[in-house]
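These notes concern the structure reproduced below.
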Amino acid sequence: MIKKIFLAMLFTSATLINAQETETSILSFPNPIEYDGTEFYIIQSKQRSKTLFQEQYIPKDENLRDFNQLLDFSFFNKEIETELAVRQKVESVQQREKKDKFAKVNVTESPDGKEFIVDYFISEAPENGDSYIEYNIYRFKNMENGGQKSFLIMSYAKRMYGDLKSAAKALAKQRDHLMATMIEYKIPEIKVAQPNPGK
């Protein structure tokens, strides 16, 4: 079940979709969202299934295929076992470590045990386009939305293009700051607004 959840989250084609100032948030979030001093605009806001609502944001003038920064909110209007979701994500990165020498994953648990963060590095060297290192932070949080138990995965990705070794070192130096930003970020109130699966 969890594997299907992550497949649904990742089913996003690499296109030249640009940030939209006029797009409406299905989660009733503001557009743009300010994160770490940067304004992020919606590129996608969709109901992926009966229980999954997903939004993605990037800075203005960036696009989904070769972004520098990306915010993703995947909201489930049902209860999901956090530790199982975390384990599945960790295992997917560990599998990648076998063929990606830059891949590395870490897990952090909040003091109250109610939230987990998985952060990891991966690399890509596409045939067309620039090679890059990508640093990802996934925040897993059980919630109550209108008295109903729900689950949120908020993630942030940052890429550096060019020489992989140099990019990996540069992103590693930013890890503490990027982790602190994610941990301290106050998630906007979620109100699912008129979901439309065909949008």
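The values are calculated or read from the model by the stated rules, or taken from the named source; none is laboratory data. Fair warning: this is a prediction, and the values are worked out from it, not measured in the lab. Glycine also receives a Cβ, built like all others from the backbone with ideal geometry; neighbour counts cover every protein chain displayed. Protein only, heavy atoms only, side chains kept; ligands, DNA and RNA dropped before computing areas. Shrake-Rupley method; radii C 1.70, N 1.55, O 1.52, S 1.80 Å.
Against the definition (more than 17 Å from I80 (Cβ to Cβ) and in a helix (DSSP H, G or I)), how does K165 come out, yes or no? Here the answer is yes, as K165 does meet what is asked.
I'd like to know if the stretch 98-113 contains one or more residues that are part of a loop (DSSP other than H, G, I, E, B), among the hydroxyl-bearing types (S, T, Y) and more than 28 Å from Y41 (Cβ to Cβ). Yes, the stretch 98-113 contains a residue that is part of a loop (DSSP other than H, G, I, E, B), among the hydroxyl-bearing types (S, T, Y) and more than 28 Å from Y41 (Cβ to Cβ). Of note, K141 satisfies the criterion of being of a type in the set (D, E, K, R), surrounded by 13 or more Cβ atoms within 10 Å (Cβ to Cβ) and touching a strand residue (DSSP E or B) at 6+ places or on another chain (Cβ under 6 Å). For the stretch 36-77, a residue qualifies if it is on the phi < 0 side of the Ramachandran plot, not in a strand (DSSP E or B) and not β-branched (V, I, T), and the qualifying residues are R48, S49, K50, K60, E62, L64, R65, D66, F67, N68, N77.
Let's see how each residue does on (1) modelled with pLDDT of 95 or more; (2) farther than 17 Å from A103 by Cβ; (3) within 16 Å of the chain's Cα centre (by Cα); (4) assigned to a helix (DSSP H, G or I):
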| residue | (1), (2), (3), (4) |
| --- | --- |
| M160 | yes, no, no, no |
| K173 | yes, yes, no, yes |
| D176 | yes, yes, no, yes |
| P188 | no, yes, yes, no |
| A193 | no, yes, no, no |
| G198 | no, yes, no, no |
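Table: residues versus (1) open to solvent by 80 Å² or more (accessible area, probe 1.4 Å); (2) of a type in the set (F, W, Y).
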| residue | (1), (2) |
| --- | --- |
| A125 | no, no |
| F151 | no, yes |
| M154 | no, no |
| L164 | no, no |
| A167 | no, no |
| E184 | yes, no |
| K191 | yes, no |
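Checked against (1) more than 15 Å from the chain's Cα centre (by Cα); (2) at pLDDT below 95; (3) of a type in the set (G, A, S), A8 passes all but condition (1).
When the stretch 85-112 is filtered for residues that are out of contact with any strand residue (DSSP E or B) (no Cβ under 6 Å at 6 or more places or on another chain), open to solvent by 60 Å² or more (accessible area, probe 1.4 Å) and either polar (S, T, N, Q) or under 30 Å from K149 (Cα atoms) (or both), the ones remaining, listed by number, are R87, E91, Q94, Q95, P111, D112.
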